[in-house]
1. Of these, B:Phe417, B:Phe392, which one is part of a strand (DSSP E or B) and in contact (Cβ under 8 Å) with a residue 60 or more places away in the chain?
2. Assess whether A:Lys461 counts as being among the basic types (Lys, Arg), assigned to a helix (DSSP H, G or I) and touching an Asp or Glu at 6+ places or on another chain (Cβ under 6 Å).
3. Find the residue count for the stretch B:10-47, including only residues that are more than 12 Å from chain A (Cβ to nearest Cβ) and small (Gly, Ala, Ser).
4. If you go through the stretch B:221-242 one residue at a time, do you hit one that is small (Gly, Ala, Ser), at pLDDT 95 or above and surrounded by fewer than 22 Cβ atoms within 10 Å (Cβ to Cβ)?
5. Only one residue in A:Phe280, A:Phe308 is within 7 Å of chain B (Cβ to nearest Cβ) and not in a strand (DSSP E or B), so which one is that?
6. Tell me the residue from B:Asp459, B:Asp485, B:Asp443, B:Asp411 that is outside the structural domain of B:Asn266 (by TED's automatic domain parsing) and either surrounded by fewer than 15 Cβ atoms within 10 Å (Cβ to Cβ) or more than 30 Å from the chain's Cα centre (by Cα) (or both), please.
7. Tell me, yes or no, whether the stretch A:55-65 has at least one residue that is at pLDDT below 85, outside any helix (DSSP H, G or I) and at negative phi.
8. Which of the following residues is of a type in the set (A, V, I, L, M) and surrounded by fewer than 20 Cβ atoms within 10 Å (Cβ to Cβ): B:Leu433, B:Leu471, B:Leu466?
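The values are calculated or read from the model by the stated rules, or taken from the named source; none is laboratory data. In this text the structure is predicted, and so the values were computed from the model without any measurement. Positions of Cβ are generated from backbone atoms using ideal geometry, with glycine treated the same way; all protein chains shown enter the neighbour counts.
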There are 2 protein chains.
Amino acid sequence: MLFSNLKLDDKKPIYLQIENYIENLILNGLLPQDSKLPSTRELSHILNVSRNTIVSTYDELRSKGLIYSLAGKGTFVNSQKVLKSKDWNVDWNKYENNYSITANNLDIIKTEPKWTPEMISFKSISPDGELFDVEGFKKSFLHVISLESHKLLNYGYAQGYLPLIQYLKKYMMEKGNVTTGKDILITNGFTEAFDLILSAFTKEGDKIICENPTHNTSIKIMKTHNLDILGVDIKENGLDFDMLSKKIEENINSIKFAYITPSYHNPTGRVMTPERRYEFYEILRENNIPIIEDGFVEELLYTSSHIFPISSLDNNNNGVIYIGSFSKILFPGMRIGWIYADKNVISKLESVKRCRNIHTSFLDQAILCDYLKNDSFEKYMKKIKKVYGNKFNFAYECVEKYIPYEYIFGDGGLYLFVKLKNIDTRKLLDECLKRNVMFMPGDLFFVNDNSNECDFNDDRKTTLRLAFSRLTMEQIEEGIKNIADIIRLITS
Amino acid sequence: MLFSNLKLDDKKPIYLQIENYIENLILNGLLPQDSKLPSTRELSHILNVSRNTIVSTYDELRSKGLIYSLAGKGTFVNSQKVLKSKDWNVDWNKYENNYSITANNLDIIKTEPKWTPEMISFKSISPDGELFDVEGFKKSFLHVISLESHKLLNYGYAQGYLPLIQYLKKYMMEKGNVTTGKDILITNGFTEAFDLILSAFTKEGDKIICENPTHNTSIKIMKTHNLDILGVDIKENGLDFDMLSKKIEENINSIKFAYITPSYHNPTGRVMTPERRYEFYEILRENNIPIIEDGFVEELLYTSSHIFPISSLDNNNNGVIYIGSFSKILFPGMRIGWIYADKNVISKLESVKRCRNIHTSFLDQAILCDYLKNDSFEKYMKKIKKVYGNKFNFAYECVEKYIPYEYIFGDGGLYLFVKLKNIDTRKLLDECLKRNVMFMPGDLFFVNDNSNECDFNDDRKTTLRLAFSRLTMEQIEEGIKNIADIIRLITS
């Protein structure tokens with residue numbers, strides 16, 4: 001293309017014409033530094049001249065320092081001595097909008113201490129990868145790729161891979177949900193699901209109820225959408241229903257959504273009883289405030305057949321949007337979650353999803369679907385419930401034994417939430433990091449951020465989340481002992 | 001959990017207490033319709049009573065019609081006769097915000113005619129899945145899964161899978177780009193990349209320059225961000241630089257971005273010459289308007305080593321954000337693309353990406369990376385360049401031979417853009433669909449939508465895009481002949 005613009009003139013030396021042409025391209029910046037030139041053979045073909053002519057041309061250019069050759073690699077442009085295009089420095093910090101500023105400011109991964117191998121980290125709530133059933137996963141890959149590789153590797157549909165949607169509909173039915181009038185959208189995990197819902201249905205300044213504390217990623221997403229967050233405290237007995245009713249009354253008819261995680265709530269690890277789920281649903285229904293239910297680690301419920309999601313109370317209505325995910329138990333690296341809701345809600349979200357990234361990886365959806373239908377999934381679930389159950393019990397015992405706590409929250413799952421006695425957990429974390437122990441300080445999970453002074457009555461300041469899913473029993477005990485030692489040091 | 005709340009009283013018949021308890025749960029909606037009860041054996045364990053007691057309890061409940069049993073499956077709740085929770089009907093159409101409304105209104109997939117197997121569709125610009133090198137792909141999967149399954153299946157990093165980032169940096173260098181001061185973010189394809197950039201750097205009402213016509217998905221995304229789109233016409237000679245300069249002058253200092261697809265522009269299939277790339281870059285640089293360059297099907301350029309992306313002209317500056325994707329040649333179902341830009345830009349976008357969906361599937365990134373490093377990729381590229389090149393030439397010939405055109409645009413790639421003589425292509429499409437032939441009417445690609453009357457001088461009304469990547473030679477000829485027949489019928 002570039003060289004086909006060169007019209008050779010019989011009256012001048014051919015090699016010189018080519019040399020001038022290439023020299024001009026370089027001088028005008030059209031052949032950037034280190035870009036590869038065609039080989040002498042190729043260029044002689046393109047221009048239909050003898051190869052010797054091109055060899056002479058390249059020799060000349062080389063001697064001018066405009067090109068250089070690397071043995072066995074080819075000939076490259078050296079434009080360093082050439083006038084560069086003028087400086088251009090866009091001030092991207094000024095370009096950045098408020099959404100990006102919030103997303104960056106609240107991106108704790110950028111500021112938190114880096115994990116090192118010698119660290120005992122109670123931070124991560126990822127599943128333990130060592131438990132993954134890689135053989136079963138491989139089988140599922142080979143199975144789906146042999147059945148429909150061309151389909152899976154080409155463009156799919158925004159709503160998701162149909163067999164996975166069908167599987168999840170059945171799965172939701174087993175949790176007491178109906179499928180009439182409802183539908184499912186596959187998303188890139190919980191995070192995308194929650195973001196899509198807020199993107200489609202909220203506006204800056206809208207009010208949203210949530211548990212306080214709650215999942216820090218959810219807080220971040222609500223804040224990037226500029227929502228006015230109304231936190232309702234979690235107390236000894238669970239969500240404070242009086243506070244809930246009061247907040248609803250104070251903001252009558254102006255609350256857009258309530259966001260809630262009834263099973264293994266993050267960070268407290270608490271499970272809402274069926275009775276309280278019903279009560280919660282009724283309060284929201286009476287006030288016409290749709291519920292976004294975060295299914296989260298619900299799959300780990302030890303007696304899962306008897307506790308149903310809040311969405312199952314909404315069967316003939318359309319007020320609950322349920323977000324499901326296997327990421328806390330299965331292959332989170334694939335990023336697959338789903339939204340179960342009213343058909344009309346799903347239809348709207350489907351178009352928004354298509355606008356965002358067309359669809360979630362069809363290959364991953366197909367592998368996961370095949371895997372879920374397999375016996376190995378049930379075996380895997382039994383195994384991990386046992387493993388995580390044991391870790392939970394052991395971690396609980398260790399905290400009880402070693403740590404001077406005011407309360408321990410946690411009904412199972414992958415973490416505990418502990419309130420210490422008169423300890424500023426930010427200061428504690430600083431000291432712990434020196435001894436290679438890490439945890440999540442409680443303040444990250446609270447929605448109101450009103451004071452920097454440590455108030456020992458303030459849960460924000462004196463709580464921490466201890467996640468144990470990826471630690472061995474030895475690490476759990478050693479880590480908790482270390483924290484206890486440091487607490488003694490600080491308070492002594 | 002549910003049953004552990006039941007405190008049995010020695011003074012009353014045990015079976016009756018359990019019966020009342022379950023009955024209450026059902027009546028209060030806490031055990032939804034068709035939910036499974038524990039087996040008699042399980043429940044006798046949980047409550048520590050004899051199994052016969054539970055058998056009696058279930059018999060009683062069955063006779064009241066509150067539960068039913070399925071042989072071999074278990075016992076289930078029948079709450080149909082029970083008072084249902086009151087009706088609740090959220091009006092989601094009122095809840096939906098403008099963003100969702102725009103995304104839904106511009107979602108052409110929801111309104112366009114459905115593809116059927118007997119159809120010859122010139123609509124899709126997906127690669128031909130039959131050409132995919134499935135064996136090479138399988139090998140790459142097995143390779144990466146044996147090396148690092150636990151890592152790939154667990155949570156990864158928002159920026160992307162490091163070996164893929166490193167590969168793409170080298171890849172961008174081969175296209176004449178530098179890596180100093182630049183970085184790469186992996187995205188879920190082009191669509192997410194473009195959406196992330198607009199999400200982080202634009203505000204409602206910002207002005208953006210783009211080619212007119214341009215990619216309909218890009219138009220949709222710009223519109224969902226409420227940008228003020230300034231289209232610059234593509235003429236016989238390519239982008240109208242006079243119009244470009246005029247629009248910049250008219251909107252001096254108020255244009256946020258210019259969006260451009262220099263290689264195999266969609267829908268016109270044109271390739272911008274190096275000289276014109278340089279000229280374009282200089283105009284934008286002088287006016288301090290950052291460029292979003294859509295790499296798109298650049299990979300298909302038959303002489304790719306000699307045409308560099310506009311980003312390569314920006315090496316020591318920071319004014320160009322380049323979006324790359326293999327989706328038009330390789331495995332689009334996995335949704336992998338990338339952004340190459342200034343480090344600071346990538347850092348900001350990384351946090352936005354984390355906010356949206358944490359990261360792109362690490363499994364897919366690893367498979368793709370392994371595949372790209374393999375010999376099979378080069379072989380595959382040679383093969384598809386030949387196949388698509390042949391299809392392009394043949395389609396071009398067919399249009400020249402059969403169709404009364406005013407112009408044909410297309411320098412290669414996966415489609416042609418044709419302007420017809422005095423034919424309303426929307427009306428033509430209606431007729432074609434009756435004969436099972438489909439194409440994309442030109443109006444979908446134009447940014448201004450000012451009249452419904454057909455004006456035969458208006459490119460919007462009289463153009464169409466013919467994509468041939470997934471059609472056989474026979475289908476290409478038959479389809480184009482059919483279109484020609486219908487044109488004759490309409491004009492006669």
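1. Numbers: B:Phe392 fails: part of a strand (DSSP E or B).
Only one candidate qualifies: B:Phe417.
2. Details: among the basic types (Lys, Arg): yes; assigned to a helix (DSSP H, G or I): yes; touching an Asp or Glu at 6+ places or on another chain (Cβ under 6 Å): yes.
Yes, satisfied.
3. 1
4. Our first condition is that a residue be small (Gly, Ala, Ser); within the stretch B:221-242, this holds for B:231, B:238.
Filter once more, so that each one left must be at pLDDT 95 or above: B:231.
Filter again for surrounded by fewer than 22 Cβ atoms within 10 Å (Cβ to Cβ), leaving B:231.
Within the stretch B:221-242 (the criterion being small (Gly, Ala, Ser), at pLDDT 95 or above and surrounded by fewer than 22 Cβ atoms within 10 Å (Cβ to Cβ)), the answer is yes, since at least one residue qualifies.
5. Numbers: A:Phe280 fails: within 7 Å of chain B (Cβ to nearest Cβ).
A:Phe308 is the lone residue from the list that is within 7 Å of chain B (Cβ to nearest Cβ) and not in a strand (DSSP E or B).
6. On the way: B:Asp459 fails: either surrounded by fewer than 15 Cβ atoms within 10 Å (Cβ to Cβ) or more than 30 Å from the chain's Cα centre (by Cα) (or both); B:Asp443 fails: either surrounded by fewer than 15 Cβ atoms within 10 Å (Cβ to Cβ) or more than 30 Å from the chain's Cα centre (by Cα) (or both); B:Asp411 fails: either surrounded by fewer than 15 Cβ atoms within 10 Å (Cβ to Cβ) or more than 30 Å from the chain's Cα centre (by Cα) (or both).
Unique residue meeting the criteria: B:Asp485.
7. Yes; the residues of the stretch A:55-65 include at least one that is at pLDDT below 85, outside any helix (DSSP H, G or I) and at negative phi.
8. On the way: B:Leu471 fails: surrounded by fewer than 20 Cβ atoms within 10 Å (Cβ to Cβ); B:Leu466 fails: surrounded by fewer than 20 Cβ atoms within 10 Å (Cβ to Cβ).
After ruling out the rest, the residue left standing is B:Leu433.
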